[in-house]
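J.: Can you keep this structure in mind? I'll have questions shortly.
Any read-out appearing in this document is the output of simple, stated calculations on the displayed coordinates, not a laboratory observation. Predicted model, so just to flag it, every value in this text is computed and none were measured. Note: ideal-geometry Cβ built from the backbone for every residue, glycine included; neighbour counts use all protein chains shown.
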Amino acid sequence: PRGFRMTSRVQNDHKDDVRMQADIPPDLAVLWDELQGLKDLVLSLKAAEVGQRQSLRNMESRLRDGEMEVEQQRHSMEGLAETLSQYRKEMINPALRTEADRKLIVVNTDLSKKVEKLEEQSKDVFSALALELPFLQTRLRASELTVEQLRRKSADDQKVAFSAGLTDSGPVGPFDEERTLIFSKVITDIGNAYNQTTGVFRAPVRGLYFFSFTAADYQKGYMGLHLYRNNLPIIFNLDLNDHGGYASTSNGVALQLEAGDEVRLSLPASYRLYDDVRNFSVFSGFLLFAI
C-alpha cells in the first residue's frame, strides 16, 4: 500500500546522507555547506591535536632515554671508582706503584672525558626539552580550546525542523499487523534529519526535541497512532469514529534524544487513516535546543 513500509533500519547512512543532501532546497545549501565546513575543520584540528600529542610523547621518550644514559654512566663511574680503589691498594707495594700511577692517570683521563661528554649530552637534551615542551603544551591547549568552541558552536547553530504529509492516495489500512507509517510528502526538512523513504526521523545532535502529529479518517471505526523513540513506545493516540464523516486525533510530546536516536509513527493492526492532497494526516518535529 502506498504511504507505508515495514519498520526497517537504514543500512547505508552515507547513501542516505547523499540522497538527503540532494533534496536540500537552494536556500538551505549555504547552511549545509557551512556545517560541513565546520565538521571538516573539527576533524582537521583533532588530527593536529593527535600530532601534537605524539610530539609530546616523543619528547618524553627522549627524556627517558637521557635518564637511562645517565644511569648507565653512573654505573660506569661506580666501576671506575672501584678500579681506583684497587689501584690505591696496589700503590702500597712500592714495586707496583709506578705502574699503578700510570694506570691511574689513564683511568682519570678516561673518566673525565666520559663525565664531560655526559654533562654535555644532558645539557643538550634538557635544553631542547625546556624550549620545546612549553611551546607544544601551549599549542595543544589552544587546539583543545578551539575544538571545544567549534563543537559548541556547531551544536548551537544546528537547526532541525520537518513536517511531512502521509499520502495523496486516500485510505491507509487496515493491516493485519502493526506497520511503520511513511509520511512521504515532505513539506519542510531543515537539517535533513527526516527520511521520507523510511518514515524515520534521526536526531543529528543530542538535545530536546518536540514532535506532533495529526491523524484523520472519514469512515466509522478506530483510528490511532503509536509514536516510538527507537523501539520504545512513547505515545498511543486512539479515537473511535462512530458517526462517519471526517474525524481527527492529534498529540505532541517533548523528548530528550541522543545523537542517532530515531523517532517514528506506526499504525496499529486493524486501524486505518486517511490522507490526500489536503494533508489531513501530518507528522512534524523540530529541535528546541541542543544539550
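J.: With the crude spin-label approximation of a point 7 Å out along Cα→Cβ, what separation in nm comes out for D168 versus T188?
T.: Between D168 and T188, the label points sit 2.2 nm apart.
J.: Would you mind putting 265-275, 66-76 in packing order, based on average other-beta-carbon counts within 10 Å, highest first?
T.: The most tightly packed comes first, giving 265-275, 66-76.
J.: What nm value, rounded to one decimal, do you get for the distance between H243 and R57 when each label is placed 7 Å out toward the C-beta?
T.: 7.3
J.: I would also like to ask the following. More than 17 Å apart: what percent of Cα pairs in the stretch 159-290 qualify?
T.: Every Cα pair in the stretch 159-290 considered, those over 17 Å come to 54 percent.
J.: So, counting K/R as plus one and D/E as minus one, what does the shell of residues with Cβ under 10 Å around S122 add up to? Please report the intermediate quantities before stating the final value.
T.: Details: positive: K117, K123; negative: E67, E69, E119, E120, D124.
Around S122, the surrounding residues sum to -3.
J.: If amide H atoms are built 1.01 Å from N in the plane of the peptide, which residues on other chains or at least 5 residues away come under 5 Å of the amide H of F175?
T.: For F175, the qualifying residues are S270, Y271.
J.: Let me ask something else. For the stretch 227-244, just list the computed ³J(HN,Hα) in residue order, Karplus coefficients 6.51, -1.76 and 1.60, θ = phi - 60°, integers in Hz, with x standing in for Gly and Pro.
T.: 10, 10, 9, 6, 10, 9, x, 10, 9, 10, 9, 9, 8, 10, 8, 9, 10, x
J.: Name the long-range amide H neighbours of V160: under 5 Å, sequence gap of 5 or more, or other chain; modelled H, no Pro or chain starts.
T.: L287
J.: Calculate, for F289 and Q137, the FRET efficiency according to 1/(1 + (r/R0)^6) with r their C-beta to C-beta distance and R0 35 Å; round to the nearest 0.05.
T.: After rounding, the FRET efficiency stands at 0.50.
J.: Output wanted: per-residue J couplings in Hz (rounded whole) for the stretch 213-224, from phi through Karplus 6.51 cos²θ - 1.76 cosθ + 1.60, θ = phi - 60°, x for Gly and Pro.
T.: Ordered by residue, 3J(HN,Hα) equals 8, 10, 10, 9, 7, 10, 9, 5, x, 8, 9, x Hz.
J.: Hey, rough spin-label estimate for S112 and Q86, points 7 angstrom out along Cα→Cβ, what's it come to in nanometres?
T.: For the pair S112/Q86, the computed spacing is 2.3 nm.
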